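Scroll down for the structure; my scribbles are underneath it.
The values are calculated or read from the model by the stated rules, or taken from the named source; none is laboratory data. What you are looking at is a predicted structure, and each value in this text was computed from that prediction instead of being measured. Positions of Cβ are generated from backbone atoms using ideal geometry, with glycine treated the same way; all protein chains shown enter the neighbour counts.
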Amino acid sequence: MDSLERLDADIRANLSKGFVEAAESRLHWEYSSSFDDAERRGERFVYDRPDPITQALLERHMRTRASFGMTALTAAAFDVGADVEHLLLANGQRKPVVRTGCFCFIAETIHDLKHKPAFAAYKTGLARANTAIRQLELDLGDRPFHTADWSGCHLGVLLHGCRGDTFTRTGSGLSMFRIGFPNSAYDSWVWSKDVLSGQLSDDLGWTKMPLGKPPKQYDKVAVRLRSASERRETK
Amino acid sequence: MKRGVANFVPSRLSQARSRRGFKKKELAEELGVSSEALRSYENGAASPLPDKVRRMSDVLNFPEHFFSSATLKSASPHVFWRDLKSVTKASREAVDARVVFACEAFSVLDEYVEFPSLNLPQLKLPEHWSDITDYDIEAAAEVCRLDWGLGEYPIPDMTLAVENIGVPVLAPNIDNRKQSGFAHWDEVMGRPVIGHNRRHTTAARARFNLAHELGHILLHRSVSKEDLENTEFFDYIEKQAHRFAGALLFPRTAFYREVRYASLSVFELLKRDWNISITAQIVRARQLGVIDKNRATSLFVAAGREGYRSAKGEPYDDTVPVEEPRMLRRAVDAVEDAGEMHLELLKHRIPLPEDEVQELVGRTFEPTISNVIHLRRPF
């Protein structure tokens, strides 16, 4: 079994439906939060044409959208009881990494569905762990000793984004959510599926409705003609 | 000494006038009599002359013999009305008259045919309606679904579900759009009758209205006329029926499973499967705590902006047909199967205008099957 087959088998066997659903749900809430806040504050939107207020709100929304993915990732981890580690990067940023089963997940923003992996040193470091042979010791930076064990993990990435063209509910809401698994060089996806369109759940056999056919509703409105004698009695 | 038509039934004149929406003064003018004379016809102090009865028949578009046919009931029906406050007395009386006509038609048809027996679900509810909690309502809706074998799936045909338990459904065209539905427990028929306004409705709305009215029948037997006149009580009773309708059409567990994120697009997709309106789903999400008040408000604002609450309507409103009642129509069909002369008899015993029969029963008393036998042509 080559590494790609093994990755595919692991995903089919171990990827948690609860984790993906929780992440999706939380991402929706996070993405809609900017618009909800603005609406609650009573911002006067001019729909269908750009104006300075909505433009500023949109820019702020787009700047902060990376945090939506990280919040959703952490919240989903709490939902399914997965471990969360925070990598402290050289520039002072903290990035959550979630370990659930044989996967570790990070989040990344995307502009379109053809998005290629965005290079970052810590991501490449994690991607190298995308093999069962290698024992990786990551320099987490926030601890005196390397205690986090990422061995044998597949790195998965929650890819999320919005249309971002207008500051409307649809323009700023979550419109893209994929789960991708990169190669060890972190420059292309070896396995990637769309969540919002149902591609992932269809592929993994996660059915929306409980198994079995819905029960048939029978027509019991039977109206029977009374016999002549019955009719006379009732008159 | 009283002159005029001897067997004139005063209440029939009131019914016909209410049905056609005439005020007493207006009808008096049309008939060419004084308001006092009309009042005396209606309270039985005087009987109109035969030519006045003919005129009544022409103006009100009711058959002449309607005004001399005995009524089966004298009391005005105890009807649950939606939006009681905003509906005028005249509008209510017009539909009250139709409920009476429907009950009378049912009673006459019951002599010829055997209707499905009444089989309401057995619910364990507090004696008094004010003690019924939201939890009781959710549980009551679940019992109904269990009884009907529907599990946690969408109800394919709400009208059929109601008629399957022996409750006749009416779908008349009512001019006033605020009169969306009504429920009435008829003592003579020994069963309830519920209905919805067909004129200003969509499939999803009609289903919700029926579920709402069924809620009144199942939850509110202990409600008195005085309770309905108290605004606070009335609002509470309506809220309970709304909750029941939501719970019946989209049960709690299924809602939690299906609505992972509350948005208009999610509700639009669910509407296709569950046939419950988007706005009703927003209310349901709020009832079940899936969203907070602010989120519900912003969803309503968004729905308004999309035109869902205007004449444009919601997605699928123009594609999904409104469900049709079948019980009364099948009764007339069965009578017709027994012979055309029975239809003639029905026409006489149910003295209603053709358009009224069409709306209440879903067909007229005219034969639908040709009685002409076509012989094979000789070679």
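Tell me the helices (runs of 4 or more DSSP H) entirely within segment B:240-337 that contain at least 2 residues that are of a type in the set (Val, Ile, Thr) and surrounded by 21 or more Cβ atoms within 10 Å (Cβ to Cβ).
Output list reads B:278-287.
Got a number for residues in segment B:198-222 being modelled with pLDDT under 90 and out of contact with any His (no Cβ under 8 Å at 6 or more places or on another chain)?
5
In segment B:15-25, what residues are touching a residue at least 60 places away in the same chain (Cβ under 8 Å) and part of a helix (DSSP H, G or I)?
Across segment B:15-25, the qualifying residues are B:15, B:16, B:18, B:19, B:20.
If I ask for residues that are aromatic (Phe, Trp, Tyr) and either crowded, with 18+ Cβ neighbours inside 10 Å or at pLDDT 85 or above (or both), which ones from segment A:74-123 would you list?
A:78, A:103, A:105, A:122 - these are the residues of segment A:74-123 that are aromatic (Phe, Trp, Tyr) and either crowded, with 18+ Cβ neighbours inside 10 Å or at pLDDT 85 or above (or both).
Output the residues belonging to segment B:26-40 that are part of a helix (DSSP H, G or I) and of a type outside the set (Ser, Thr, Tyr).
Selection gives B:26, B:27, B:28, B:29, B:30, B:31, B:36, B:37, B:38, B:39.
Looking at (1) modelled with pLDDT of 90 or more; (2) more than 22 Å from residue A:171 (Cβ to Cβ); (3) away from chain A (no Cβ under 13 Å), find the lone condition where residue B:252 falls short.
The one condition residue B:252 does not meet is (1).
Tell me, yes or no, whether segment B:159-168 has at least one residue that is within 14 Å of chain A (Cβ to nearest Cβ) and under 23 Å from residue B:224 (Cα atoms).
Yes: one or more hits.
Are any residues in segment B:345-370 on the phi > 0 side of the Ramachandran plot and in contact with a strand residue (DSSP E or B) (Cβ under 7 Å, 6 or more places away or on another chain), and if so, which ones?
Passing the criteria: none in range.
Given the conditions (1) among the acidic types (Asp, Glu); (2) under 24 Å from residue B:365 (Cβ atoms); (3) over 14 Å from the mean Cα position of the chain (by Cα); (4) more than 14 Å from every other protein chain (Cβ to nearest Cβ), which single one is not true for residue B:186?
(3)
Can you give me the number of residues within segment B:320-335 that are of a type outside the set (A, V, I, L, M) and at the interface with another protein chain (Cβ under 10 Å from one of its Cβ atoms)?
5
So residue B:268 fits all but one of (1) of a type outside the set (Phe, Trp, Tyr); (2) under 18 Å from residue A:173 (Cα atoms); (3) modelled with pLDDT under 90; what number is the exception?
(3)
Would you say residue A:46 is modelled with pLDDT under 90 and part of a loop (DSSP other than H, G, I, E, B)?
So residue A:46 fits the description; yes.
Under the condition of being closer than 26 Å to residue B:235 by Cα and either in contact with a Lys or Arg (Cβ under 7 Å, 6 or more places away or on another chain) or among the small types (Gly, Ala, Ser) (or both), which residue from segment B:114-158 is nearest to the other protein chains (Cβ to nearest Cβ)?
Top of the filtered list is B:158.
So that you can scan it fast, the table gives a plain yes or no per residue for (1) out of contact with any Pro (no Cβ under 7 Å at 6 or more places or on another chain); (2) within 12 Å of chain B (Cβ to nearest Cβ); (3) of a type in the set (Asp, Glu):
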{"residue": "A:13", "(1), (2), (3)": "yes, no, no"}
{"residue": "A:24", "(1), (2), (3)": "yes, yes, yes"}
{"residue": "A:33", "(1), (2), (3)": "yes, yes, no"}
{"residue": "A:64", "(1), (2), (3)": "yes, no, no"}
{"residue": "A:84", "(1), (2), (3)": "no, no, no"}
{"residue": "A:94", "(1), (2), (3)": "yes, no, no"}
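Being away from chain A (no Cβ under 14 Å), over 17 Å from residue B:118 (Cβ atoms) and modelled with pLDDT of 85 or more: is that true of residue B:176 here?
no
How do the pairs read when you match residues in segment B:102-113 that are within 11 Å of chain A (Cβ to nearest Cβ) with residues anywhere that are modelled with pLDDT under 90 and assigned to a strand (DSSP E or B), using Cβ under 9 Å and keeping only pairs 6 or more apart or on different chains?
Sorted first by the residue in segment B:102-113, then by its partner, the pairs are B:107/B:186; B:112/A:225; B:113/A:224; B:113/A:225.
Please determine whether any residue of segment B:183-204 is part of a helix (DSSP H, G or I) and either in contact with a helix residue (DSSP H, G or I) (Cβ under 9 Å, 6 or more places away or on another chain) or not hydroxyl-bearing (Ser, Thr, Tyr) (or both).
yes
Are there any pairs with C-beta distances below 8 angstrom linking a residue in segment A:215-235 that is at the interface with chain B (Cβ under 8 Å from one of its Cβ atoms) to a residue that is modelled with pLDDT under 75 and surrounded by fewer than 13 Cβ atoms within 10 Å (Cβ to Cβ), with the two at least 6 apart or on different chains, and if so which?
A:226/A:234
Could you say which residue among B:198, B:221, B:207 is surrounded by 22 or more Cβ atoms within 10 Å (Cβ to Cβ) and not aliphatic (A, V, I, L, M)?
The conditions single out B:207.
Quick test of your reading of the structure: residue A:66 fulfils all but one of (1) assigned to a helix (DSSP H, G or I); (2) out of contact with any strand residue (DSSP E or B) (no Cβ under 7 Å at 6 or more places or on another chain). Name the failing condition by number.
That leaves (2) as the condition not met.
Between B:30, B:36, which is of a type outside the set (Val, Ile, Thr), modelled with pLDDT of 90 or more and either more than 30 Å from residue B:182 (Cα to Cα) or in contact with a strand residue (DSSP E or B) (Cβ under 8 Å, 6 or more places away or on another chain) (or both)?
B:36
Yes/no matrix, rows are residues, columns are (1) in contact with a Ser or Thr (Cβ under 8 Å, 6 or more places away or on another chain); (2) at pLDDT 90 or above; (3) of a type in the set (Asp, Glu):
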| position | (1), (2), (3) |
| --- | --- |
| B:82 | yes, no, no |
| B:96 | yes, no, yes |
| B:99 | no, no, no |
| B:106 | no, yes, no |
| B:115 | no, yes, no |
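Go through segment B:17-26 and count every residue that is at pLDDT below 90 and either more than 21 Å from residue B:93 (Cβ to Cβ) or buried (at least 18 other Cβ atoms within 10 Å of the Cβ) (or both).
Count: 3.
Please name all residue pairs, on different chains or six or more residues apart, with Cβ atoms under 7 Å, provided the first residue is in segment B:295-310 and is within 12 Å of chain A (Cβ to nearest Cβ) and under 18 Å from residue A:31 (Cα atoms) and the second residue is in a loop (DSSP other than H, G, I, E, B) and among the basic types (Lys, Arg).
none
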